[in-house]
Amino acid sequence: MKIQYSLLLLLLLSGFTQCKSPTAKSGSISDEALMDTIQRRTFNYFWEGAEPNSGLACERIHMDGIYPEDDQHVVTTGGSGFGIMAILAGIDRGYVTRKEGLARMEKIVSFLETADRFHGAYPHWWYGDTGKVKPFGQKDNGGDLVETAFLMQGLLAVHQYYVSGSPEEQALAGRIDTLWREVDWNFYRQNDQNVLYWHWSPEYGWEMNFPVHGYNECLIMYILAAASPTHSVPVEVYHDGWAEKGAIVDPHKVEDIELHLRYQGCEAGPLFWAHYSFLGLDPTNLSDKYCPGYFDEMRNLTLINRAYCIRNPKQWKGFGPDCWGLTASYSVNGYAAHAPNELADHGVISPTAALSSIVYTPEYSLEVMRYLYKMGDKVLGPYGFYDAFSETEDWYPKRYLAIDQGPIVVMIENYRTGLLWKLFMSHPDVQTGLKKLGFK
């Protein structure tokens, strides 16, 4: 079964390995120790749980060992972009040595240099043992520009981490620069239109027919397309395509909280829309002609999500000030993009939603982190909090998804030190792209 919510396509259920889950401590723990515990466990999804041949992030890891699609060795492009940023945080915190981290990054880049690409863009999924594309759907068997943007966001951060390092580190930064320069963003305008298209297939061409408009999780794609030193798109692609000639602006209130942008297909989107583009892109004091402040906008989106869960119009068990968070994740009946409205609310809490918003709402996100931690093994395993749960349905699957685990590590680190924001924003091409599009 495939579900699509706005711009997010379905992830099919499956998994990876088995391991016993350590018991969470029920006693008191400081905020700093709590963050480090969760950050370190979740980091291990991308370190210990990585696909062995590629070093990249497995699409999913199921502790129950049940994989209906037999895809435990399938790796994900976007989730791997988040994962390599998580690895950078782990290196910087000493979870692994700098030498170990470099060896893993060299393995990853070596895989990316030979894996299937389509006009420089990577597919949504590969088989980790071969580097060959695994179709995300029948016609989605080629380039996925959004997933590629998530990967490139991570790679540019890695580039900056190593560009002034040892000779070996500088050499790796050079190889990353080559991959970055080879993405042909202009090709994905489909015959020079002023909009970017999500997919292209060597077999089906443009039949997916998915022009990307805002606002959703894809802002980073347009910024990187403008930032490319080799295939930079004209500014009109951003203004006419992403912003739809100004139609992206739509001041309105949800839960009596103000939003400035128009959210595709809804009044207020799922919380991954506040996370994916801003793992490297620093929203602090960031603005353009369409949004007076991206940090405030994303903070308000988070507060709307929290306020809706507190109001809890469908009377789900457990929802409240210390247990909120609706985003795309596993759900009781498959995969779903949960959002703060009654149609998209299925009584499922996704830990990544509140935890990855820690940069916007630290006090509220820490309340959720503490509540979940006290729930113990029911929701906490070897790779951090499991993907989703429902107290109403007594549903607590011991399963993980890469795209949900990655933002937890990255945003906790950005809250603690700003590391990934500093790295990504320091890249000269990124600065060029932001200036070109009129960001301040």
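The values are calculated or read from the model by the stated rules, or taken from the named source; none is laboratory data. A quick note: this is a predicted structure, and the numbers were derived from the prediction, not measured. Neighbour counts run over all protein chains shown; Cβ positions are idealised from the backbone, glycine included. When the accessible area is computed, the model is the full protein with side chains, heavy atoms only, and any ligands, DNA or RNA have been set aside. Shrake-Rupley method; radii C 1.70, N 1.55, O 1.52, S 1.80 Å.
Structure values in brief
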{"read-out": "Any pair with Cβ under 8 angstrom, 6 or more apart, that starts in the stretch 413-440 at a residue that is over 19 Å from residue 159 (Cα atoms) and part of a loop (DSSP other than H, G, I, E, B) and ends at one that is open to solvent by 10 Å² or more (accessible area, probe 1.4 Å) and among the acidic types (Asp, Glu)", "value": "438/288; 439/288; 440/288"}
{"read-out": "Residue check for residue 241: of a type in the set (Gly, Ala, Ser) and farther than 30 Å from residue 346 by Cβ", "value": "yes"}
{"read-out": "Matching option when the condition is assigned to a helix (DSSP H, G or I), open to solvent by less than 30 Å² (accessible area, probe 1.4 Å), more than 29 Å from residue 174 (Cβ to Cβ) and touching a residue at least 40 places away in the same chain (Cβ under 8 Å), among 108, 38", "value": "38"}
{"read-out": "Residue 188 in a helix (DSSP H, G or I), touching a helix residue (DSSP H, G or I) at 6+ places or on another chain (Cβ under 8 Å) and either among the charged types (D, E, K, R) or open to solvent by less than 60 Å² (accessible area, probe 1.4 Å) (or both)", "value": "yes"}
{"read-out": "Filtered residues of the stretch 313-327 (kept if polar (S, T, N, Q) and buried (at least 16 other Cβ atoms within 10 Å of the Cβ))", "value": "327"}
{"read-out": "Criterion: surrounded by fewer than 22 Cβ atoms within 10 Å (Cβ to Cβ) and at pLDDT below 95 - qualifying residue of 170, 193, 138", "value": "138"}
{"read-out": "Neighbours by Cβ (under 9 Å, 6+ apart or cross-chain): first from the stretch 50-78, modelled with pLDDT of 95 or more; second assigned to a strand (DSSP E or B) and open to solvent by 10 Å² or more (accessible area, probe 1.4 Å)", "value": "60/399; 61/399; 62/399; 63/399; 74/127; 75/127"}
{"read-out": "Residue in the stretch 225-241 that is aliphatic (A, V, I, L, M), open to solvent by less than 10 Å² (accessible area, probe 1.4 Å), part of a loop (DSSP other than H, G, I, E, B) and in contact with a Cys (Cβ under 9 Å, 6 or more places away or on another chain) present", "value": "no"}
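Residue by residue, here is whether (1) free of Cβ contacts under 8 Å to residues at least 40 places away in the same chain; (2) under 16 Å from residue 214 (Cα atoms); (3) touching a helix residue (DSSP H, G or I) at 6+ places or on another chain (Cβ under 6 Å); (4) open to solvent by less than 50 Å² (accessible area, probe 1.4 Å) holds:
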position: 248; (1), (2), (3), (4): no, yes, no, yes
position: 254; (1), (2), (3), (4): no, no, yes, yes
position: 262; (1), (2), (3), (4): no, yes, no, no
position: 266; (1), (2), (3), (4): no, yes, no, yes
position: 270; (1), (2), (3), (4): no, yes, no, yes
position: 292; (1), (2), (3), (4): yes, yes, no, no
position: 298; (1), (2), (3), (4): no, yes, yes, yes
position: 308; (1), (2), (3), (4): no, no, no, yes
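Listed here are the residues, each with its yes/no results for (1) in contact with a His (Cβ under 6 Å, 6 or more places away or on another chain); (2) under 21 Å from residue 47 (Cα atoms); (3) surrounded by fewer than 18 Cβ atoms within 10 Å (Cβ to Cβ).
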residue	(1), (2), (3)
407	yes, yes, no
411	no, yes, no
416	no, yes, yes
419	no, yes, no
423	no, yes, no
430	no, no, no
434	no, no, no
